[in-house]
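Asks: Mind looking over this structure? Questions follow.
The values are calculated or read from the model by the stated rules, or taken from the named source; none is laboratory data. Fair warning: this is a prediction, and the values are worked out from it, not measured in the lab. Cβ coordinates were reconstructed from backbone atoms using ideal geometry, including for glycine residues, and neighbour counts include every protein chain displayed. Side chains included, ligands, DNA and RNA excluded: accessible areas come from the protein's heavy atoms. Shrake-Rupley method; radii C 1.70, N 1.55, O 1.52, S 1.80 Å.
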Amino acid sequence: HVILASLRHQKSKELEEGSSAAKAITIQKSSTSSSPKGKSIASYKIPYGGWFQYVSCPHYTTEILIYISLIIMAQNIKCTSPLIALVLFILLELGHSALSQHDWYHTQFRDYPLDRKAIIPFIL
């Protein structure tokens, strides 16, 4: 979660200069502090930007959208029923994980955005 929270888009000026899509997103190393024994302790921060404006776990949201798109593309194939069952299982599993993560954010950060949902924007 620390890595996802540190994702930031570079300035649009760099995009206009023709930088590739791979350079459009940078992963900044999370800030760590060293303990006396040499072990590093991660510093958690509230993620902002992109889909984090709407949901606490946008990576789960996009994964669910990928599986739903597979169902749409596989409508003419006879294996649609098992695929639907798989997607329902994934939806329940990721939904449970997203709700747990969302609750964790609320308990750890007093200033966590109250209008942000867990996994489905504006709904759940």
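Asks: Restrict the check to region 84-92 and report whether at least one residue is open to solvent by 60 Å² or more (accessible area, probe 1.4 Å) and either of a type outside the set (A, V, I, L, M, F, W, C) or modelled with pLDDT under 50 (or both).
Replies: Looking for residues that are open to solvent by 60 Å² or more (accessible area, probe 1.4 Å) and either of a type outside the set (A, V, I, L, M, F, W, C) or modelled with pLDDT under 50 (or both), one finds none in region 84-92, hence no.
Asks: Can you go through W104, W51 and tell me which one is within 13 Å of the chain's Cα centre (by Cα) and either charged (D, E, K, R) or open to solvent by 30 Å² or more (accessible area, probe 1.4 Å) (or both)? Don't jump to the end; show me each part of the working.
Replies: Numbers: W104 fails: within 13 Å of the chain's Cα centre (by Cα).
When all the criteria are applied, what remains is W51.
Asks: Every residue in region 58-88 that is of a type outside the set (A, V, I, L, M, F, W, C) and part of a helix (DSSP H, G or I), please. Break it down stepwise before answering.
Replies: Taking region 58-88 and keeping what is of a type outside the set (A, V, I, L, M, F, W, C), we get 58-63, 67, 69, 75-76, 78, 80-82.
Correct list: P58, H59, Y60, T61, T62, E63, Y67, S69, T80, S81, P82.
Asks: Could I ask something else about it? Of the residues K78, K45, K117, which single one is free of Cβ contacts under 8 Å to residues at least 40 places away in the same chain, open to solvent by 30 Å² or more (accessible area, probe 1.4 Å) and either out of contact with any strand residue (DSSP E or B) (no Cβ under 7 Å at 6 or more places or on another chain) or of a type outside the set (S, T, N, Q) (or both)?
Replies: Values: K45 fails: free of Cβ contacts under 8 Å to residues at least 40 places away in the same chain; K117 fails: free of Cβ contacts under 8 Å to residues at least 40 places away in the same chain.
Being free of Cβ contacts under 8 Å to residues at least 40 places away in the same chain, open to solvent by 30 Å² or more (accessible area, probe 1.4 Å) and either out of contact with any strand residue (DSSP E or B) (no Cβ under 7 Å at 6 or more places or on another chain) or of a type outside the set (S, T, N, Q) (or both) holds for just one of K78, K45, K117, which is K78.
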